[in-house]
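Chemist: The structure that follows is given in the form of structure tokens.
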Amino acid sequence: MRFVIYTQSRTRCASRGHLDFLAGSSLLQHIDVQASGCQWVRLSSTDSRWTTAAFNRLLTNTIGVSSLLPAPSQLTQQYDFTEHDSGRTAVYSVATRFEIFLNQQQYPKTNLQLSCLPPGALGSISNLPLVTPPMYVVRYFAAQPGLCTIRNGTFLLSVWIIPLNR
């Protein structure tokens with residue numbers, strides 16, 4: 001089992017994340033988590049609960065992360081991704097650039113989907129390196145704090161962008 005944090009939004013309490021628990025590419029469970037401020041978890045449209053510090057510790061241990069909120073020391077040091085990195089979550093600070101190399105035959109560029117909260121958290125970069133077909137490359141820069149997913153068929157990369165001064 002693995003999890004994917006795929007969007008984040010700001011509320012008056014704090015940042016909210018959405019988690020998908022997957023078995024391969026099959027969705028097992030989707031939950032919304034408010035990890036700071038007014039702490040809660042929403043398991044379904046009719047099942048929301050307040051959480052405790054003990055629950056948050058159990059959740060972080062279960063999904064194998066040290067915190068539901070990334071720290072600057074946890075910044076990703078990888079800036080080039082391929083299909084072998086599918087399912088990963090990268091943590092970058094604002095102004096970071098990264099690129100993704102995919103095979104056009106397996107992951108057509110027209111099927112590439114970028115989803116961010118807030119919209120515009122990632123920006124596209126147009127000056128791309130030359131690659132040998134059938135490969136293609138897309139480049140992004142972290143424009144503002146937020147949470148994004150980049151999907152194409154079975155490829156999924158989640159990108160968490162934190163402020164520079166955090």
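The values are calculated or read from the model by the stated rules, or taken from the named source; none is laboratory data. Since the model is a prediction, treat every value here as computed from it, not as a measurement. Don't worry about glycine lacking a Cβ; one is built from the backbone with ideal geometry, like all the others, and counts go over all protein chains shown.
Chemist: Can you find a residue in the range 12-19 that is part of a strand (DSSP E or B), at pLDDT below 65 and among the polar types (S, T, N, Q)?
Modeler: yes
Chemist: Also, I was wondering about something else. Can we say GLN106 is at pLDDT 75 or above, touching a helix residue (DSSP H, G or I) at 6+ places or on another chain (Cβ under 9 Å) and surrounded by fewer than 17 Cβ atoms within 10 Å (Cβ to Cβ)? So that I can check it myself, show each step before the final result.
Modeler: Working: at pLDDT 75 or above: yes; touching a helix residue (DSSP H, G or I) at 6+ places or on another chain (Cβ under 9 Å): yes; surrounded by fewer than 17 Cβ atoms within 10 Å (Cβ to Cβ): yes.
Against the criterion (at pLDDT 75 or above, touching a helix residue (DSSP H, G or I) at 6+ places or on another chain (Cβ under 9 Å) and surrounded by fewer than 17 Cβ atoms within 10 Å (Cβ to Cβ)), GLN106 qualifies.
Chemist: Here is a further query. Is there any pair linking a residue in the range 23-41 that is surrounded by fewer than 15 Cβ atoms within 10 Å (Cβ to Cβ) to one that is at pLDDT below 70 and among the hydroxyl-bearing types (Ser, Thr, Tyr), with Cβ under 7 Å and at least six apart or on different chains, and which?
Modeler: SER36/SER15
Chemist: Examine the range 43-59 for a residue that is surrounded by 12 or more Cβ atoms within 10 Å (Cβ to Cβ) and either at pLDDT 90 or above or assigned to a strand (DSSP E or B) (or both), and state whether such a residue exists.
Modeler: yes
Chemist: From the list VAL94, VAL137, which residue is more than 12 Å from the chain's Cα centre (by Cα) and over 25 Å from LEU19 (Cα atoms)? Let's see the steps before the verdict.
Modeler: Working: VAL94 fails: over 25 Å from LEU19 (Cα atoms).
The conditions single out VAL137.
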